[in-house]
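Participant: One structure, pasted below without further comment.
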Amino acid sequence: MVEKKYKTFYDVVCPFCGTLCDDLEIDVDEKEQKVIEVRNGCQIGTRKFFSSNPSGHRYMAPLIRENGSYKEISWDEALDKAADILVKAKRPLLYGFASTECEAQSKGVELAEILGGILDNTASVCHGPTLLAEQDVGVPTSTLGEYKNRADLVIFWGCNPVHAHPRHLGRYSDFVRGYFRQDGRNDRYIIVVDPRNTNTAQIADLYVKVNPNEDYELMNAIRATLRGVEIDQKEVAGVAKEDIIKLANIMKESNYGVIFFGMGLTQSISHHRNIDTAICLTRELNDHTKFLITPMRGHYNITGSNTVFTWNTGYAYSIDFSRGFARYNPGEFSAVDVLLRDEIDALLIVASDPASNFPAAAVKNMFKHPIISIEPHHTPTSVNADIILPAAFAGIETEGTAYRMDHVPLRLRKVKNPPGETLPDREILERLIEKVKEKKGE
């Protein structure tokens, strides 16, 4: 009999995107503590599990930069130097928190309050406008399980799940049999509204090509049509009047519809007003049928960071503690904006890579100041940091909680031990808080 050299973990939650697929099977070599096979995951999620294995791009011990190169130091020394930087800073920025567990996010809020710094997460550069709109007009929404079981009309507006959320279609929205949609794809009508003919658009029943930055106009034209108002233009936002009427009728005549929207709405002209109008359209469609709306969140726990920040401070992102209490003002306290104005003097980056995503001017100002990076592997941000605190992968090497894009909390599992001296984000932040309190005499 051949001896089994690996252990299989079932029903593992994938810590990649906001879909948080919870049906993965992971084979782990227990002796070497390496992932050797991943089943049921998409290509990107599978790569994340394999990237957790020890390799040249993983940080194995704390590092400090001296004379342009890095040298290994002890955890105590690294945390002491990091605490020094943060305590001496007059306006530190704590940013990221999208790809880590909720328990670490809560510690991030605590640290920001102790330091009197600015606290922000990646929502400020992705779905922040969604949160603003939801605060303005509310949101008629539900869970992905409800859409799987009931939706016969699915609209993807300004998003491309084939690339960004590869298993969303197969688990919840398109190629899936639901309780009331037993025939799967044949029981659903798929519409894609996007300026580009994306891979998702190519498998849709109807592709609506809207002019870039004119989604607001198209949504209001549909709202007008639903109210019986005659459109006096031949086209709106590049969509013919006849097609707008057809689109409105398809929406109105469905039994259960859902709009999934992405950064094509949040980060184009009109920003949160796009989402405001999309929510109002959804609400008005409920005069005719059942209709709901859900944002397609990117990082696997960005919804969690918004939730955790809100229950701790009352605000989801862009928070300032400089006056001893939480203040909220996107645009003033957002990470990109304070960096563009060069208003900060130290940064703690947790589970994020702003150097890859922020405007060049913001990144240039970011590199002027001391950077502490809590990160498991090489990124453009971490390789320019002054202190690197190596983290374990949440959902692979440590347990925790994450919120799916529909605000359903799921428990992340640990399938292997972290390599080297790496620690969970939660523990790193806990120890950093102790050091900061010690230096502040608290």
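Computed from the coordinates by the stated procedures, all read-outs in this text should not be read as laboratory data. Values in this document were obtained by computation on a predicted structure and should not be read as measured data. Please note: Cβ atoms are built from the backbone with ideal geometry, for glycine as well, and neighbour counts cover all protein chains shown.
Participant: Can you tell me which of 209-216, 299-306, 171-178, 288-295 comes out highest on packing, and rank the rest after it, using the mean Cβ neighbours within 10 Å?
Facilitator: 299-306, 288-295, 171-178, 209-216
Participant: Please compare each pair in LYS48/LYS88; LYS81/LYS368; LYS7/LYS48; LYS71/LYS414 to a cut-off of 28 Å on the Cα-Cα distance and tell me which ones are over it.
Facilitator: Cα-Cα > 28 Å for LYS48/LYS88; LYS71/LYS414; rest within.
Participant: What is the magnitude of the charge dipole of the chain about its Cα centre, with +1 placed on the Cβ of each Lys and Arg, -1 on the Cβ of each Asp and Glu, and no other charges, expressed in debye to the nearest 20?
Facilitator: Around 400 debye, computed over the chain.
Participant: I need the peptides 183-190, 417-424 ranked by packing, meaning the mean over residues of other C-beta atoms within 10 angstrom, with the highest value on top.
Facilitator: Result, highest mean Cβ count within 10 Å first: 417-424, 183-190.
Participant: When the helix-only estimate is applied to the chain (DSSP H runs of n ≥ 4, each -39,500 (n - 2.57), divided by the residue count), what is the mean residue ellipticity at 222 nm, nearest 500 deg cm²/dmol?
Facilitator: -9500 deg cm²/dmol
Participant: Evaluated at 37 °C with a viscosity of 0.692 mPa s, what Stokes-Einstein diffusion coefficient in µm²/s does the stretch 159-242 have when Rh comes from the Kirkwood expression over alpha-carbon pairs?
Facilitator: D, rounded to a whole number, is 228 µm²/s.
Participant: What is the chain's relative contact order, in percent, from Cα pairs under 8 angstrom and six or more apart in sequence?
Facilitator: It rounds to 24 percent for the chain.
Participant: Below 8 Å between Cα atoms, with a sequence gap of 6+, how large is the relative contact order for the stretch 128-295 in percent?
Facilitator: So the answer I get is 31 percent.
Participant: Which one, VAL28, THR398, PRO62, projects farthest toward the positive side of the charge dipole computed for the chain from Cβ point charges (K/R +1, D/E -1)?
Facilitator: Farthest along the dipole direction, towards plus: VAL28.
Participant: Also, I was wondering about something else. State the extension gain, in nm to one decimal, for the chain segment bounded by TYR179 and LYS437, taking 0.36 nm per residue of separation less the distance between their alpha-carbons.
Facilitator: Full-extension gain reported as 87.5 nm.
Participant: What are the trypsin sites (Lys or Arg not before Pro) within the stretch 4-105 that DSSP puts in a loop, where the Cβ has at most 13 other Cβ atoms within 10 Å?
Facilitator: LYS4, LYS5, LYS31, LYS90
Participant: For the chain, state the semi-axes of the equivalent ellipsoid (square roots of 5 times the eigenvalues of the alpha-carbon gyration tensor), sorted largest first and rounded to whole angstrom.
Facilitator: Each semi-axis is √(5λ); the values are 40, 28, 17 Å.
Participant: Determine the shape class of the stretch 386-427: with a ≥ b ≥ c the square roots of the Cα gyration tensor eigenvalues, call it rounded for a/c under 1.5, and otherwise prolate if a/b is greater than b/c, oblate otherwise.
Facilitator: oblate
Participant: So, one more: What FRET efficiency, computed as 1/(1 + (r/R0)^6) with R0 = 22 Å and r the Cβ-Cβ distance, is obtained for ARG39 and ASN197, rounded to the nearest 0.05?
Facilitator: E(calc), rounded to 0.05, equals 0.10.
Participant: Quick one: if the Förster radius is 41 Å, what FRET efficiency do ARG323 and ASN286 give, using the C-beta to C-beta distance and rounding to 0.05?
Facilitator: That gives a FRET efficiency of 0.45.
Participant: Would you calculate the separation in nanometres between label points at GLN233 and TYR6, each defined as 7 Å from the Cα along the Cα-to-beta-carbon direction?
Facilitator: Taking the two extended label points, one gets 5.7 nm.
Participant: For the chain, build the charge dipole from Cβ charges (+1 Lys, Arg; -1 Asp, Glu) around the Cα centre, then report which of LEU94, SER305, TYR328 sits farthest towards its positive end.
Facilitator: My answer, from the dipole projection, is SER305.
Participant: Just need log10 I(q)/I(0) for the stretch 128-295 at q = 0.13, 0.18 Å⁻¹, Debye formula, equal scatterers on the alpha-carbon atoms, no solvent, rounded to two decimals.
Facilitator: The calculated log intensity ratios at q = 0.13, 0.18 Å⁻¹ are -0.57, -1.16.
Participant: Starting from the stretch 20-91, pick out the GluC sites (Glu not before Pro) whose DSSP state is loop and whose Cβ has at most 15 other Cβ atoms within 10 Å.
Facilitator: GLU30, GLU32
Participant: By how many nm would the segment from GLU399 to GLU343 grow when fully extended, if each residue of separation counts as 0.36 nm and the alpha-carbon distance is taken off?
Facilitator: 16.6 nm
Participant: In debye, nearest 20, what is the charge dipole magnitude of the stretch 128-295 about its Cα centre with +1 on Lys and Arg Cβ and -1 on Asp and Glu Cβ, if you could check?
Facilitator: In debye, rounded to 20, the stretch 128-295 gives about 560.
Participant: How large is the dipole of the stretch 327-442 about the Cα centre if only Lys and Arg carry +1 and Asp and Glu carry -1, each at its Cβ, rounded to the nearest 20 debye?
Facilitator: About 220 debye.
Participant: Projected onto the charge dipole of the chain (+1 at Lys/Arg Cβ, -1 at Asp/Glu Cβ, origin at the Cα centre), which of LEU119, ILE293, HIS163 gives the Cα projection farthest towards the positive end?
Facilitator: Of the options given, the answer is HIS163.
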